[in-house]
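Student: What follows is a single structure, and I will ask about it in a moment.
What follows is calculated from the coordinates using simple rules that are stated; it is not laboratory data. If you're wondering where the values come from, they're calculated on a predicted model, not measured in any experiment. A quick note on method: Cβ atoms are made from the backbone with ideal geometry, for glycine too, and the neighbour counts reach across all protein chains shown.
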Amino acid sequence: LSRRGFILREHFPVGWKLIEASPPASSLDNVNGTARWIIKPGEERKRIVYLIRVDDKAVLDTSVRFSGEVVLKGDNGEGESLVGGESVITVRPVLWPDVDANGIVDDAEILAASDVYEEMKGVHLDWNFLEAVWDAGSYRWLAKKRRFEPVKRVEPAGQLP
């Protein structure tokens with residue numbers, strides 16, 4: 001792809017906002033939920049990463065759709081290919097590393113999160129906060145403040161976590 005260049009188009013739910021991207025989007029329409037990146041021929045780009053803020057009016061436990069396509073020009077004209085990955089997500093008050101959505105970021109999840117953190121260089125993920133959640137043992141969603149908070153988990157006496 002880098003030899004010829006390409007355009008990446010990403011579509012996200014209306015009302016949601018792309019708040020940060022690396023590299024910055026070449027074109028951004030936060031009203032209709034579309035971002036585009038032009039990667040010029042010869043430009044070495046292994047990864048495009050971005051953060052999306054959920055719409056304040058999003059209803060919990062509803063599903064929303066993401067999609068994307070790569071557009072490239074080849075010897076036989078222009079072509080399009082769909083982007084892989086999760087296309088439907090459920091809106092829930094769960095931290096992104098908490099894969100099993102149990103309110104705990106366990107050892108395996110924090111290790112996996114460290115890999116994602118490295119891959120997401122260029123956007124600001126709060127690693128110190130994730131470590132605080134992991135260290136506390138659990139977290140909760142503060143709906144009125146619209147943020148997560150670490151919660152110290154207390155194990156029953158005589159039991160190991």
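Student: Which angle from 0 to 90°, rounded to the nearest 10, does the C-alpha axis of helix 127-136 make with the longest principal axis of the chain?
Tutor: 30
Student: Taking the Cα-to-Cβ direction at Ser26 and at Val94 and moving 7 Å from each Cα, how far apart do the two end points lie in nm?
Tutor: Each label point is offset 7 Å from its Cα along the Cβ direction, giving 3.5 nm.
Student: I've got another one for you. Name all residues of segment 1-44 having a backbone nitrogen under 14 Å from the label point set 7 Å from the Cα of Asp55 along its Cα→Cβ direction, giving them as ranges.
Tutor: Within reach of a label on Asp55: 12-18, 30-34.
Student: Compute the FRET efficiency between Ile19 and Glu118 as 1/(1 + (r/R0)^6), taking r as their Cβ-Cβ distance and R0 = 22 Å, and round to the nearest 0.05.
Tutor: The computed FRET efficiency comes out at 0.60.
Student: Okay, next question. Report P(r) for segment 1-48: all Cα-Cα distances, bin width 5 Å, range 0 to the bin holding the largest distance, values in whole percent.
Tutor: Distribution as computed: 5, 22, 29, 20, 13, 8, 3, 0 percent.
Student: May I pose another question? For every helix of n ≥ 4 consecutive DSSP H residues, a contribution of -39,500 (n - 2.57) applies; sum these over the chain, divide by its total residues, and give [θ] at 222 nm rounded to the nearest 500 deg cm²/dmol.
Tutor: Result for the chain, helices only: -4500 deg cm²/dmol.
Student: For segment 25-105, evaluate the Debye formula with one uniform point scatterer on each Cα (no solvent term) and list log10 I(q)/I(0) at q = 0.14, 0.15, 0.16, 0.27 Å⁻¹, rounded to two decimals.
Tutor: Cα-only, vacuum Debye calculation for segment 25-105: -0.68, -0.76, -0.84, -1.54.
Student: Rounded to whole Hz and in sequence order, give me ³J(HN,Hα) for segment 84-93 from the Karplus expression 6.51 cos²θ - 1.76 cosθ + 1.60, θ = phi - 60°, writing x for Gly and Pro.
Tutor: Working through the residues one at a time gives x, x, 5, 10, 10, 10, 9, 6, 8, x Hz.
Student: Compute the long axis of helix 107-119 from its Cα atoms, compare it with the longest principal axis of the Cα atoms of the chain, and write down the angle in degrees, 0 to 90, nearest 10.
Tutor: 30
Student: Still on this structure: Let me check against my output: what whole-number percent is the relative contact order of the chain, with C-alpha pairs under 8 Å and at least 6 apart?
Tutor: 19
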